Structures are given as structure tokens and as C-alpha cells.
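K.L.:
Mind having a look at this structure? Questions to follow.
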Amino acid sequence: MIVSASYRTDIPAFYGAWFMGRLEDGFCRVANPYGGKDYDVSLRRADVDGFVFWTKNAGPFQDPLAEIGRRGFPFVVQFTVNGYPVALEQSVPHPERSIGMLKSLANAHGRRAVVWRYDPIVVTDLTPPDWHAANFARLSAALRGACDEVVISFAHIYRKTRRNLERAAREGGFAWRDPEPGEKETLAKRLAGIAADRGMKLTVCAQPAFLVNGIEGARCIDAARLSDVAGRSIAAKAGGNREGCLCSGSRDIGAYDTCPMGCVYCYAVSSRDAAQKQLQNRSGAETGLRG
């Protein structure tokens with residue numbers, strides 16, 4: 001079993017102590033995101049083939065990652081570095097600091113253990129397509145040699161995403177839009193060319209309409225990559241959680257509405273204030289993250 005930790009929240013940035021406590025206990029109880037009963041997920045070494053961690057700030061988790069490795073668990077870190085203005089990402093580390101963290105992880109654990117994410121792509125008058133191309137070029141140049149893949153996606157405009165973007169736009173004095181598919185395809189091609197020049201493969205997460213000019217679909221939870229990290233074969237069935245998702249099967253142990261990072265485009269948080277309240281009490285049973 002592959003354990004995802006977590007595309008619902010940022011465990012490495014905010015809940016590392018909770019995770020290590022659950023690892024010590026050998027299991028965690030997960031809040032059912034669909035309203036059913038809570039359920040247990042084993043974290044015993046005998047049951048876990050590997051972990052996939054998702055984060056925008058790996059700094060607080062570097063020592064836990066070393067311990068996780070010492071315990072024999074292979075892992076891959078999906079590390080988002082967007083370099084967006086503060087109006088879109090309120091408390092994400094400065095991109096230069098994020099670049100340093102990603103390089104440090106690659107040096108410590110190997111570049112197959114780290115995947116750079118530049119996602120979701122949000123188009124505003126602060127971040128128009130040309131800005132994205134220049135920003136991506138700068139970030140990818142700084143990350144050359146530290147990773148071999150960059151994952152992109154374009155923002156899905158869910159109802160709560162629209163509400164949060166509209167509120168941020170009013171408060172920040174900017175405008176945003178959801179580009180037409182042709183404009184997204186053009187930008188994807190442009191970014192793919194930049195990535196190739198930096199020795200990286202660009203993949204697209206769960207948006208097959210943009211798999212053009214040889215661009216491949218992302219496998220964010222990838223048994224083959226985990227196998228490379230582990231030095232042994234890890235088998236997993238296909239387990240995509242939405243249309244176009246190519247991920248290997250996994251169990252996610254996070255909870256929605258618990259990440260206070262403040263990214264206004266986030267699909268996993270309805271209210272940053274509510275997420276901050278969740279964080280104020282880190283005893284897992286009293287937050288959305290169960291014990």
C-alpha cells in the first residue's frame with residue numbers, strides 16, 4: 001500500500017509532529033471526506049510500500065524525513081514552488097527559500113525522491129501567461145539538476161475556488177480569469193519547451209486535453225518512481241481519483257479544511273480562518289486530522 005500524505009492538506013508544513021506520532025503508533029484514523037465513518041489506515045512498515053508527501057514548505061519536515069528513511073520507508077516529495085505574488089499565496093515561503101529546500105531534499109535523498117510542481121497555474125493581471133513563462137524559466141533554471149520532472153496543471157474553478165479568488169481579487173485589487181483551452185494549450189507547450197531545455201520532463205496532472213506535442217500525463221503517486229527510490233519493485237494497481245488521473249492506487253491520510261497556508265486558489269480549503277483554528281490545536285483528535 002502507498003500512503004499519500006496528503007493532497008488534502010500540507011502535513012509536512014503543519015502536521016509533522018502529528019504524523020510522526022501516528023507513525024510511532026503504527027496507524028492513523030482518517031476522517032472520511034465523503035461523510036461516512038472514520039477509518040483506520042495502517043502505517044506499519046510491513047503494510048506500507050512507501051509514502052508520497054505533498055508540500056509547499058518542507059523545512060519543518062526535513063528531520064522527520066530523515067527518520068522516516070532510517071525506518072526503511074521509501075518516499076517521494078511532491079514539492080510545489082510557484083513563486084506567486086503574496087496576493088495569491090499568503091504564507092508560502094519565498095521562492096528562493098523553497099528552491100533551497102528542494103535542492104537540499106534532492107541532495108539528501110536523491111533527485112528521484114523529489115518532484116517539482118508548478119501548479120495550479122492561475123491567470124490574473126498579476127500573473128498573465130507571459131509572466132508565467134518568465135517565472136517558470138527563472139525557477140526551472142534555479143532547479144536544474146535537482147529534479148527530473150515538473151508537474152503542471154491549470155486551476156480548476158470549483159465553487160469555493162471561485163469564491164475565494166473573487167474575495168482575494170476585491171481585497172488585492174487585481175482581476176483573474178479562466179483562460180480558454182487554446183490559450184492553456186499554448187502555455188503548456190511553451191512551458192514544456194523551457195523544461196526540456198533545463199533537463200526536465202514536463203507532465204500535466206489529470207488534464208488530458210493538454211497532452212500535446214509529446215507532453216505526458218503526470219503520475220503524481222507513482223509506483224515506478226517509488227520503486228526507483230526504494231531500489232526494489234513496488235507494485236500498485238491504477239487508482240486515479242478523478243477523470244484523467246494516472247496515479248497508482250494509494251490511501252490518503254489528510255483532511256480537507258486544515259491547511260492554513262492561505263493559497264486563494266486552493267480546492268481543499270473553504271475558509272483559511274477555519275483552517276487556522278484547526279491548526280491552533282494540534283492534538284490530532286481535536287482537529288480535522290484524526291488521531
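K.L.:
For the range 91-163 and the range 222-236, what is the separation of their C-alpha centers, rounded to whole Å?
P.N.:
The two parts, judged by their Cα centres, are 24 Å apart.
K.L.:
Here's a follow-up. Using the 10 angstrom Cβ neighbour count as an exposure proxy, how do Trp18, Trp116 rank, fewest first?
P.N.:
Numbers: Trp18 20, Trp116 27.
Starting with the residue having the fewest Cβ neighbours, the order is Trp18, Trp116.
K.L.:
Right, here's the next one. What are the trypsin sites (Lys or Arg not before Pro) within the range 206-239 that DSSP puts in a loop, where the Cβ has at most 13 other Cβ atoms within 10 Å?
P.N.:
Numbers: sites: Arg219, Arg225, Arg232, Lys237; in loops: Arg219, Arg232, Lys237.
Answer in residue order: Arg232, Lys237.
K.L.:
In percent, what relative contact order does the chain have, based on Cα pairs under 8 Å that are 6 or more apart in sequence? Walk me through the intermediate numbers first.
P.N.:
On the way: 550 pairs, mean separation 68.1, N = 291.
About 23 percent, as a whole number.
K.L.:
Another question about this same structure. What is the distance in Å between the Cα centres of the range 187-207 and the range 1-62?
P.N.:
29 Å
K.L.:
Same structure, new question: For Asp63 and Arg29, what does the FRET efficiency come to when R0 = 22 Å and r is the distance between their Cβ atoms, rounded to the nearest 0.05?
P.N.:
Details: r = 25 Å, r/R0 = 1.12.
Working from the Cβ atoms, E equals 0.35.
K.L.:
Roughly how many debye, to the nearest 20, is the charge dipole of the chain about its Cα centre, given +1 on each Lys and Arg Cβ, -1 on each Asp and Glu Cβ, and no other charges?
P.N.:
280 debye
K.L.:
Mind giving me the nanometre distance, one decimal, between the label points for Asp40 and Ala196, set 7 Å out from Cα along Cα→Cβ?
P.N.:
Once both label points are built, they end up 5.1 nm from each other.
K.L.:
Below 8 Å, C-alpha to C-alpha, sequence gap of six or more: please give me the relative contact order for the range 148-244 in percent.
P.N.:
Working: 81 pairs, mean separation 27.4, N = 97.
Result for the range 148-244 is 28 percent.
K.L.:
What fraction of the DSSP beta bridges in the chain is antiparallel, stated in percent and rounded to the nearest 5? If you can, show how the numbers build up before the last one.
P.N.:
Details: 8 of 33 bridges.
So the antiparallel bridges amount to about 25 percent of the total.
K.L.:
Using amide H atoms built 1.01 Å from N in the peptide plane, name the residues 5+ places from Ser248, or on other chains, whose amide H lies under 5 Å from its own.
P.N.:
Long-range HN contacts for Ser248: Ile221, Asp222, Ala223, Gly239.
K.L.:
What is the sum of charges around Glu149, taking Lys and Arg as +1, Asp and Glu as -1, for the other residues whose C-beta is under 14 Å from the C-beta of Glu149? Walk me through the numbers before you get to the answer.
P.N.:
Working: positive: Arg111, Arg112, Arg117, Arg144, Arg198, Lys201, Arg219, Arg225; negative: Asp119, Asp148, Glu216, Asp222, Asp228.
Cβ neighbours under 14 Å give a net charge of +3.
Taken together, the values in this text are just the output of simple stated rules run on the coordinates, not laboratory data. The structure presented is a predicted model; accordingly, all values stated were derived computationally and were not measured. Note that each Cβ is placed from the backbone with ideal geometry, even for glycine, and that neighbours are counted across all protein chains shown.
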